[in-house]
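Since every read-out is calculated from the coordinates, none of them should be taken as a lab result. Keep in mind it's a predicted model, so treat the numbers as computed, not measured. Positions of Cβ are backbone-derived with ideal geometry, glycine not excepted, and every protein chain shown enters the neighbour counts.
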Amino acid sequence: MSVIFRAFRAIDDEESCQKFIVGHRMVLEMYGIAMITSATAQWTQHKNTYVILAEASDDGRALGGVRVQIADDELPLPIVKAVGQVDEKIHEVINMHRGKRMAEACGLWNAKEIAGYGYSFFILRSAIALAYHLKVDSLFALAAPVTVNMCLNAGFNIETYLGNNGFFNYPKLDLVATAMVINDLGVMSNSTDVDRAHIFEIMKNPDHVAVVSGPKGDVTIDYRLSIK
């Protein structure tokens, strides 16, 4: 399977934003989640939101994606609104990072047809590399249980100051989310050797084609992550 990872600023490509939203919503509905903060369309008009859309090489259908939303006075990070519903200490955490360029890797999803190939791993690593090129200092994430270990391997730390050692019931009472952050994008000291090597390769070469080993064998990824 060959997939294109294409990065763009949200306000520059409304059509691709809609492809992202429709695909993400379909995945959420599979888990009985009608709508969450990261699935709303407000970010499509936000000048500091960047998107990585995974598309099939043959017909361009949306297969997955992630957003990198940079904090500013116009639109709060999704984690602030989400966690703020259950723990107001999120505002203290954000204040600890004042003076730094903060962002969140949010809205990570992949279509059912590519589940199990490892594309979510590769999308997350691409988001970290993109955040580095956007000169982000602190990258937050709110991880579902199935993605916590993936985020830990990629270099995130659990923000234990929040919730129950970083864990929350969100977006509904029978689901759990974990607040996480990376504070050293240029070093990636907490990532595994495999993740770090892959992330650094993407940082070095944001536009290249690579054959990457996944759980179901090799996959081909056409990285197009330079922001025009």
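Taking Cα atoms only, the orientation of helix 193-204 departs from the longest principal axis of the chain by about 70 degrees.
Label-to-label distance for Asp12 and Lys47 is 1.4 nm, based on points extended 7 Å past Cα in the beta-carbon direction.
Farthest toward the positive end of the dipole of region 11-167, out of Val22, Gly116, His97, is the Cα of His97, where the dipole comes from beta carbon charges about the Cα centre. The calculated 222 nm mean residue ellipticity attributable to helices in the chain amounts to -9000 deg cm²/dmol, summing -39500 (n - 2.57) over DSSP H runs of n ≥ 4 and dividing by all residues. Here the gap between Lys112 and Met30, fully extended at 0.36 nm per residue and compared with their Cα-Cα distance, gives a gain of 28.6 nm. As a length-normalised measure over Cα pairs under 8 Å and 6 or more apart, the relative contact order of the chain settles at 22 percent. The alpha-carbon of Lys81 sits under 16 angstrom from the alpha-carbons of these lysines, leaving out residues fewer than 8 places away in its chain: Lys89, Lys172. Spacing of the modelled spin labels on His91 and Asp222, each 7 Å from Cα toward Cβ, amounts to 4.8 nm. Taken about its Cα centre, region 2-224 carries a charge dipole of about 140 debye when Lys and Arg each add +1 at the Cβ and Asp and Glu each add -1 at the Cβ. Once the Cα atoms are used to define both axes, helix 119-133 deviates from the longest principal axis of the chain by about 70 degrees. Considering only GluC sites (Glu not before Pro) in DSSP loops that have at most 15 other Cβ atoms within 10 Å, the longest stretch of the chain without any of them is 89-228. Note that region 2-224, at 25 °C in a medium of 0.890 mPa s, gets a Stokes-Einstein diffusion coefficient of 141 µm²/s from its Kirkwood radius over C-alpha pairs.
The order of Ile52, Ile199, going from fewest to most other C-beta atoms within 10 Å of their C-beta, is Ile199, Ile52.
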